[in-house]
C-alpha cells in the first residue's frame, strides 16, 4: 500500500522526446470506477500484468495498492474490463531531479499526450519543464478511468 | 484463475454441527459489485487477507481470481469497502465425498445460515445432506455481495 500523489499536465511540443530514458507499452482496463475504489488491470509490454486498486481521491492524493498477477490472468481480466480500456505508450523523462511520465495515447484516444509527475507531498515544489502545458490534475476527464469510458480527446479546459 | 461453480442452500437444523472439521472467522467487504466484476477483500481469522475478483455470472458459474495480499493492506482495503461488509464463521463439513461450507452469519445478518458446495461441473450430482434446505443458488439476495448492502436476513423464497 502506498499513497499516490501526482500532478498531471497537458504536453506542449516535442521537447521531452530528446530526454526519454525508457518506453513501455501499456494496455489497461477498468473493472470498477465507483466512488469507493478504482480497480485497474494493466498489461505492460504484453509481458507483465499489474492489478491496482485505488481508494477515494482526496485532492491530488489517494491510497494505492498494487499486485503483480500472472500474465494469463491479467489478459483474462483485461477481457472482462472491455470495452473500458486505454492503450498508450509511457515514456520516462527525467527532468531536474524528478521522474516524469509522458503518456502518448493510442487507439480511441490517439492524439492525447499527458505528462504526470509523482510527488512525495501535495505541496512539493516542481521545476516545470518547458513542454509541460496546462495543469489538469483535478480535471476528472483526463483520469485514465474516465478516458476508458469515453473515446476521443477531451477539449482542453479554458485557461484562467 | 479458476471457474467457480457452486450451489447454495438454506440450512435446516443442526445436523451438520457434529461433522464440522474446521472453523474460520471471516470478515469480507466489497469494493465493487458492478455487472462486470465483484471485487472482494476477505480477512480470515484476522490473520490472512485474500483479494478476490469474480467475473460476470453465467448460471451458477463464474470466473474467479484470488490473490493473497499482506494483512495490513487487507485491513486497509476492508476499511475502504465499508459499510458493505459481511461477518460470518465458516464451518467445513464433509458429506459423502464433497466438502460443504456452512456459513453462520454474524453482525448485521445474525440468524442467517447458508450451506455452499463447490462443484467441478454445473450438472455434477450431489448427495444432499438432510440439513440442506431450500436451494438459493440463483437467488441474488443470498449472494454475500447483496447481503453486504442490506442488513437483516432475507425472507426465504416461497417453495414451488
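Output the number of residues of segment A:55-70 satisfying the condition of being surrounded by 14 or more Cβ atoms within 10 Å (Cβ to Cβ), in contact with a helix residue (DSSP H, G or I) (Cβ under 9 Å, 6 or more places away or on another chain) and closer than 16 Å to residue B:81 by Cβ.
Residues meeting the conditions: 3.
Name the residue, out of B:66, B:87, that is within 12 Å of another protein chain (Cβ to nearest Cβ) and not in a loop (DSSP other than H, G, I, E, B).
Numbers: B:87 fails: within 12 Å of another protein chain (Cβ to nearest Cβ).
From the options B:66, B:87, the qualifying one is B:66.
Does segment A:102-113 include one or more residues that are at pLDDT 95 or above, surrounded by fewer than 15 Cβ atoms within 10 Å (Cβ to Cβ), assigned to a strand (DSSP E or B) and in contact with a helix residue (DSSP H, G or I) (Cβ under 8 Å, 6 or more places away or on another chain)?
Checked against the condition, which is being at pLDDT 95 or above, surrounded by fewer than 15 Cβ atoms within 10 Å (Cβ to Cβ), assigned to a strand (DSSP E or B) and in contact with a helix residue (DSSP H, G or I) (Cβ under 8 Å, 6 or more places away or on another chain), segment A:102-113 yields no hits at all.
Across segment B:140-156, which residue is nearest to the chain's Cα centre (by Cα) among those that are without any contact (Cβ under 8 Å) to a residue 40 or more places away in the chain and part of a loop (DSSP other than H, G, I, E, B)?
My answer is B:143.
Of everything in segment A:49-63 that's part of a strand (DSSP E or B) and touching a residue at least 40 places away in the same chain (Cβ under 8 Å), which residue is nearest to the other protein chains (Cβ to nearest Cβ)?
Across segment A:49-63, the extreme among qualifying residues is A:63.
For residue B:130, indicate whether it is assigned to a helix (DSSP H, G or I) and surrounded by fewer than 14 Cβ atoms within 10 Å (Cβ to Cβ).
For residue B:130, the condition - assigned to a helix (DSSP H, G or I) and surrounded by fewer than 14 Cβ atoms within 10 Å (Cβ to Cβ) - is not met.
For segment B:114-141, what are the residues that are touching a strand residue (DSSP E or B) at 6+ places or on another chain (Cβ under 6 Å) and within 23 Å of residue B:81 (Cβ to Cβ)?
B:114, B:116
Report yes if residue B:82 is away from chain A (no Cβ under 14 Å), loosely packed, with under 14 Cβ neighbours inside 10 Å, over 13 Å from the mean Cα position of the chain (by Cα) and in contact (Cβ under 8 Å) with a residue 24 or more places away in the chain, otherwise no.
Working: away from chain A (no Cβ under 14 Å): no; loosely packed, with under 14 Cβ neighbours inside 10 Å: yes; over 13 Å from the mean Cα position of the chain (by Cα): yes; in contact (Cβ under 8 Å) with a residue 24 or more places away in the chain: yes.
So residue B:82 fails the test.
For the subset of segment B:31-48 comprising residues that are in contact with a helix residue (DSSP H, G or I) (Cβ under 8 Å, 6 or more places away or on another chain) and crowded, with 23+ Cβ neighbours inside 10 Å, which member is farthest from the other protein chains (Cβ to nearest Cβ)?
B:40
Please give the number of the condition residue A:35 fails out of (1) closer than 28 Å to residue B:34 by Cα; (2) in contact with a strand residue (DSSP E or B) (Cβ under 8 Å, 6 or more places away or on another chain).
(2)
Can you tell me which residue in segment B:1-13 is nearest to the other protein chains (Cβ to nearest Cβ), limited to those that are more than 13 Å from the chain's Cα centre (by Cα) and modelled with pLDDT under 95?
Of all residues in segment B:1-13, those more than 13 Å from the chain's Cα centre (by Cα) come to B:1-3, B:11-13.
With modelled with pLDDT under 95 added as a condition, the list becomes B:1-3, B:12-13.
Values: B:1: 5, B:2: 10, B:3: 11, B:12: 36, B:13: 38 Å.
Top of the filtered list is B:1.
The values are calculated or read from the model by the stated rules, or taken from the named source; none is laboratory data. Since we're looking at a predicted model, the values are computed, not measured. Reconstructed Cβ throughout: ideal geometry from the backbone, glycine too, with neighbour counts over all protein chains shown.
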